[in-house]
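These notes are about the structure you will find just below.
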Amino acid sequence: MKGSIIVATGLLLISLVNASITGSDYRKNCEDQLFCKRFREISKHHVQDKKHMFSYDLTETHINKADSSVSGVLKLTAQSQFLQDSIGIKFQILKRGILHVVAADDNNFPERKSKRFRVSDFEGVEWANLQHDGEAAITSDQEEVLLATVQGYDYHTYRIKKSPFRIEYFINDTLLIESNNDNMMYFERKLPTEEQEQPFEFVDDALYEVIEPNLRYNLFRKETIDYEPYDFKESIGLSFKMHSQYLYGLPERADRLALKNTDHGLPYRLYNLDVFQHPPYNPQSLYGAIPYLTAHSDTFDASVVWMNSAETYVDIFLTKEAFEHDQETDLDALRSNWKEIHRRNTVWLSESGAMEFFLFGAANKNGNAPKQVMTKLTHLTGRLPLPPYYSFGFHYSKWEKITTQSMIDMVDTFNHHDLPLDILWMDIEYADDKRYFQFDSRFSDLDRFISKMKDEKKHITVITDPHIKMDDHFFVYKDGFDVEMVPKGGAREEAVKGVFMRDRDGQGTFYGECWPKTSVWVDFLNSNAQQYWSTLYQYSKFKGTTKLFSFWIDMNEPSVFSHDELTMPKDATHLTNDGRVFKHKDVHNAYGILMANATYTGIINREEDRNQRPFMLTRSVFFGSQKYGAMWTGDNQASNHFMALSIQMCLSLGLAGIPICGSDVGGFTGHASPKFLSKWYQHAVFMPFFRAHGHETVSQREPWFQGDQMYVMKEYLHLRHSLMPYIYTQTYFTTQTGIPLMRPLWMDFPGEFKTFGIDTNYMFGDCFFIAATYPQITDLRFYLPPSTDWYNFYTSEVQQVSNEARFIQVEQEEIGVFIKAGSIVPRKYMRRLSALSAKKDNYLLDIYPELRGDLVGQAQGYLYLDDGETFNHIKKKEYTLVEFNFDQDTLFFKVLNAQYTSGESFIVDEVNIFGLNQRPSQVRILSKTFVKDGKNVTFKYSQEEKRLEIIDLHLHLIEAPETTGGLALLKLEFDGSNGDL
């Protein structure tokens with residue numbers, strides 16, 4: 001039996017889909033959820049009023065030096081039938097000073113199927129990276145347990161107090177985080193079904209006087225409610241006091257980067273939803289949910305990773321002492337008192353699952369605490385694999401009816417107007433009546449388009465959504481029911497088959513509505529279902545695709561039109577391949593990453609040698625989604641607010657470990673004027689993922705419909721191509737360190753407190769400072785940290801810096817682009833219509849030296865090269881990494897790795913040096929190794945721009961040996977100075 005079809009009534013379905021189309025906000029909040037409403041009532045008593053109704057003590061502690069851990073039991077000190085009275089807990093100190101904590105009441109449930117869900121068993125944590133710290137010191141007495149370790153210059157101490165239970169995190173004797181400081185350890189008593197059915201015997205309960213009367217009835221019913229409105233009675237909560245007022249994280253939100261207080265509003269919600277035409281600057285969650293929070297100050301950074309994939313809420317309160325100091329709770333008030341108010345309480349609640357979290361931080365002794373924290377976070381959750389080179393180019397997409405010929409015509413029109421294009425996208429209209437993995441008959445001649453794209457070194461992206469059309473003749477649907485999910489064995493006489501989600505009783509298949517109408521959803525929690533999904537990308541299954549195809553997974557929150565909030569009901573069931581059953585409420589926020597894992601694996605496995613780097617885009621993200629590809633910010637709108645939000649949202653996602661981020665350039669919906677659209681293209685050049693995309697209702701978004709602005713857009717598209725060597729190199733470093741390419745200013749200038757609240761200025765790699773035009777498209781506000789010098793990218797002039805932010809009006813053709821003094825930027829200079837066509841072209845180097853009065857000082861930069869498409873840079877170490885250094889008058893060149901040759905050109909034709917106040921008398925090449933034709937060095941000097949342009953060099957740097965020291969490459973000589981400036 002394939003199970004009964006469970007769909008909403010026609011009226012409900014119509015109303016929900018209409019809500020999606022019109023953009024009304026159907027998202028719930030804490031006031032709509034029984035579990036959140038009662039917890040928040042308790043938290044206000046504990047956190048704000050300091051009326052502690054209950055607490056836990058840590059007892060029965062045991063030190064295990066073999067794995068650097070301490071285990072114990074948390075005992076409830078008050079009487080409550082509603083709260084768990086005994087909780088097992090384990091603390092483990094890991095290398096890099098990371099503390100891992102797991103608490104669960106599993107010992108109360110001898111049967112495996114009743115245990116709480118731990119998402120880290122499936123996704124979110126890279127366990128292979130984590131090792132316990134065998135050097136850590138662990139001591140215990142009657143009052144506390146101490147776990148301490150040294151990392152570099154930082155001495156990490158975790159003081160675990162026993163009565164009442166607390167965790168205090170210190171670095172070098174500075175207190176960074178206090179956990180459970182307000183006795184908010186909260187563990188609802190998860191009852192086995194048979195106990196729920198027994199009569200309830202009321203006794204005095206610690207919570208009785210705390211909960212409002214209208215919540216008491218449901219609180220003191222023993223049975224759970226596993227239908228709308230849900231109340232599963234197994235939520236968990238905890239507080240973390242952060243010793244900084246500057247808090248960031250909790251993506252994905254269409255909101256400012258810095259987190260606001262929630263004292264007088266609603267808590268932040270983390271619950272993946274498909275929200276069409278959502279409002280700007282709203283703290284409600286969107287397509288992804290990453291329960292990560294980081295605190296920054298001028299002396300330290302500290303972070304909380306809350307590893308839970310159920311619906312989660314986070315409140316942020318001023319601490320009591322800060323609240324008494326100043327009743328204002330907005331961020332501007334905090335900034336004005338940044339030295340006086342320096343602690344904020346965060347209170348976390350998840351609807352279900354085990355309590356699992358990680359704490360870590362870094363002191364800012366060497367000015368790199370934020371980057372150290374990013375390295376630790378991505379060590380824990382995984383790092384981005386280097387995407388294929390072409391994926392950093394320009395992507396064009398439109399949701400509309402398409403044919404083979406219409407796509408060929410689109411590419412031809414881009415070419416006709418000399419507009420670069422790297423990837424053309426195919427939205428759901430490619431599919432045969434929304435049967436993904438099956439091209440419509442309109443593409444019977446698809447090979448013509450594929451051949452054209454191959455010849456022009458361009459790529460194709462096609463969409464595959466997780467909802468599968470109910471159709472007995474559709475191979476994905478039909479074959480899915482034959483896949484074995486759980487093998488027979490033990491008490492199971494027959495294997496369980498069928499890869500799709502099951503209904504609330506776990507017996508029948510779950511059916512709902514989405515684009516193909518009645519659909520089923522793949523149960524990605526099951527590894528056999530993941531494997532089945534992966535096979536769908538094989539060329540023999542997805543017929544017509546080739547290695548030119550990359551993939552886009554959408555609607556993976558998951559989006560279900562026929563149910564509450566347009567998502568999967570919480571009582572739908574997942575089945576693991578070892579027979580465990582979990583409700584969707586436990587898994588929800590991880591559904592997208594589980595799908596991403598299966599998709600990424602399938603793209604790799606379609607090649608026989610498994611050596612082709614995939615490009616994949618996902619809408620829903622969780623901890624670790626960066627391991628599988630890029631993400632975009634979803635269904636935005638054509639407005640100045642959303643253009644700014646594209647930056648603010650990607651900064652927030654980058655801080656949570658997701659570095660390849662972009663938005664629908666121009667807005668997914670709404671009218672975009674030529675000037676507005678052109679301005680958004682300018683901004684998108686300086687974002688990791690650059691894709692223009694639009695809804696089926698928008699028209700004439702192509703550059704050639706924008707009048708004179710097409711020429712501006714063309715220049716910026718060519719600029720993006722010219723910067724590809726820089727972007728690719730900086731992304732390589734992201735794969736090694738986890739530090740995002742696009743990052744807030746305070747990550748590079750951690751002591752500049754004026755940057756802490758700025759989120760429309762940011763760093764793009766090590767060299768570029770970008771300032772958005774906002775709120776009007778010619779308004780430019782920027783704050784250049786005065787601790788270094790800056791060059792204006794457009795004029796090459798040294799920018800005057802000050803201790804205050806500046807406001808200026810800029811031309812339509814400009815945004816704020818500045819280069820940090822001391823930078824060397826590698827670029828391409830030949831104009832091509834695809835990035836891969838230019839990959840083997842020669843290079844130029846732009847050198848922006850530090851300034852020393854009228855003299856120039858040093859500059860440094862890197863260039864990374866590999867084949868751009870395979871994993872040979874990992875498997876065979878086939879890559880080349882070069883360091884360039886400029887020191888007053890000499891350019892040095894150091895080969896750090898030289899294993900990639902493959903016949904690719906590594907020739908520097910031009911060098912531009914900015915900031916020179918004097919024309920050199922000559923420029924000499926210092927080694928014949930680099931010169932093939934013996935030409936004299938030709939250069940031009942502009943006194944007005946203070947720019948030296950050295951051309952026609954044709955330096956074959958690939959001939960240089962791998963060195964530990966630098967080789968002198970070029971030298972500037974000046975009359976009467978013996979070559980010294």
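The values are calculated or read from the model by the stated rules, or taken from the named source; none is laboratory data. Please read these numbers as outputs of a predicted model, since none were measured by experiment. With ideal geometry, Cβ positions are generated from the backbone for all residues, glycine too; neighbour counts draw on all protein chains shown. Ligands, DNA and RNA are stripped out before the accessible areas are found, and what is left, the full protein with its side chains, is counted by its heavy atoms. Shrake-Rupley method; radii C 1.70, N 1.55, O 1.52, S 1.80 Å.
How about region 272-290: which of its residues are within 16 Å of Q637 (Cβ to Cβ) and either out of contact with any strand residue (DSSP E or B) (no Cβ under 6 Å at 6 or more places or on another chain) or not acidic (D, E) (or both)?
Scanning region 272-290 gives V275, F276, Q277, H278, P279, P280, Y281, N282, Q284, L286, Y287.
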Item to check | Close pairs (8 angstrom Cβ cut-off, 6 or more residues apart or separate chains): farther than 15 Å from L359 by Cβ and among the small types (G, A, S) in region 127-138, part of a loop (DSSP other than H, G, I, E, B) and open to solvent by less than 50 Å² (accessible area, probe 1.4 Å) anywhere | outcome: G134/S68
Checklist outcome for this item: F360: passes all of (1) surrounded by fewer than 24 Cβ atoms within 10 Å (Cβ to Cβ); (2) modelled with pLDDT of 95 or more; (3) outside any loop (DSSP other than H, G, I, E, B) but (1)
Next on the checklist: Against the definition (open to solvent by 10 Å² or more (accessible area, probe 1.4 Å), more than 30 Å from E234 (Cα to Cα) and within 24 Å of the chain's Cα centre (by Cα)), how does T375 come out, yes or no?
Outcome noted: yes
Checklist outcome for this item: Here the qualifying pairs (Cβ atoms under 9 Å; residues six or more apart or on different chains; first in region 882-906 and without any contact (Cβ under 8 Å) to a residue 40 or more places away in the chain and part of a strand (DSSP E or B); second of a type outside the set (A, V, I, L, M) and surrounded by 18 or more Cβ atoms within 10 Å (Cβ to Cβ)) come out as D887/P849
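Give the number of residues within region 668-712 that are among the hydroxyl-bearing types (S, T, Y), open to solvent by 20 Å² or more (accessible area, probe 1.4 Å) and farther than 17 Å from F394 by Cβ.
Quick first cut of region 668-712, residues among the hydroxyl-bearing types (S, T, Y) only: 669, 673, 678, 681, 697, 699, 711.
Then keep just the ones that are open to solvent by 20 Å² or more (accessible area, probe 1.4 Å); that gives 673, 697, 699, 711.
Going one step further and asking which of them are farther than 17 Å from F394 by Cβ, we end up with 673, 697, 699.
Here the count works out to 3.
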Checklist entry - For E814, which of the numbered conditions (1) open to solvent by less than 10 Å² (accessible area, probe 1.4 Å); (2) farther than 27 Å from T890 by Cα; (3) touching a residue at least 60 places away in the same chain (Cβ under 8 Å) fails to hold? => result (1)
Checklist entry - What about Q637, is it modelled with pLDDT of 95 or more, open to solvent by less than 10 Å² (accessible area, probe 1.4 Å) and within 29 Å of I777 (Cβ to Cβ)? => result no
Checklist entry - Within region 533-565, can you find the residues that are buried (at least 24 other Cβ atoms within 10 Å of the Cβ) and part of a helix (DSSP H, G or I)? => result W533
Checklist entry - Filtering region 821-844 down to residues that are among the hydrophobic types (A, V, I, L, M, F, W, C) and more than 30 Å from the chain's Cα centre (by Cα), which residue is nearest to D789 (Cα to Cα)? => result L844
Checklist outcome for this item: Looking across region 453-473 at residues that are outside any loop (DSSP other than H, G, I, E, B) and surrounded by fewer than 17 Cβ atoms within 10 Å (Cβ to Cβ), the single one that is farthest from the chain's Cα centre (by Cα) is D455
Checklist entry - Which of the residues spanning region 46-89 are within 35 Å of the chain's Cα centre (by Cα), closer than 22 Å to T346 by Cα and surrounded by fewer than 20 Cβ atoms within 10 Å (Cβ to Cβ)? => result Q48
Checklist entry - Residue check, L617 against (1) open to solvent by less than 10 Å² (accessible area, probe 1.4 Å); (2) assigned to a helix (DSSP H, G or I), all met but one. Which one? => result (2)
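Would you pick out the residues in region 849-862 that are out of contact with any helix residue (DSSP H, G or I) (no Cβ under 6 Å at 6 or more places or on another chain) and either open to solvent by 10 Å² or more (accessible area, probe 1.4 Å) or free of Cβ contacts under 8 Å to residues at least 40 places away in the same chain (or both)? Explain how you work it out, then say what you get.
Taking region 849-862 and keeping what is out of contact with any helix residue (DSSP H, G or I) (no Cβ under 6 Å at 6 or more places or on another chain), we get 849-861.
Once the filter is applied, which keeps residues that are out of contact with any helix residue (DSSP H, G or I) (no Cβ under 6 Å at 6 or more places or on another chain) and either open to solvent by 10 Å² or more (accessible area, probe 1.4 Å) or free of Cβ contacts under 8 Å to residues at least 40 places away in the same chain (or both), region 849-862 yields E850, L851, R852, G853, D854, L855, G857, Q858, A859, Q860.
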Item to check | Positions within region 502-532 being of a type in the set (S, T, N, Q), open to solvent by less than 30 Å² (accessible area, probe 1.4 Å), without any contact (Cβ under 8 Å) to a residue 60 or more places away in the chain and farther than 17 Å from F561 by Cβ, in sequence order | outcome: N526
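Could you list all residues from region 581-612 that are in a loop (DSSP other than H, G, I, E, B) and either open to solvent by less than 10 Å² (accessible area, probe 1.4 Å) or touching a helix residue (DSSP H, G or I) at 6+ places or on another chain (Cβ under 6 Å) (or both)?
Within region 581-612, R610 is the sole residue that qualifies.
Name the residue that is farthest from the chain's Cα centre (by Cα), counting only residues in region 686-735 that are among the charged types (D, E, K, R) and over 27 Å from E883 (Cβ atoms).
Within region 686-735, the first condition is being among the charged types (D, E, K, R), and the residues that meet it are 691, 696, 701-702, 708, 714-715, 720.
Pick out the ones that are also over 27 Å from E883 (Cβ atoms) and you get 691, 696, 701-702, 708, 714-715.
On the way: R691: 17, E696: 27, R701: 28, E702: 28, D708: 36, K714: 29, E715: 29 Å.
Restricting to residues being among the charged types (D, E, K, R) and over 27 Å from E883 (Cβ atoms), the top hit is D708.
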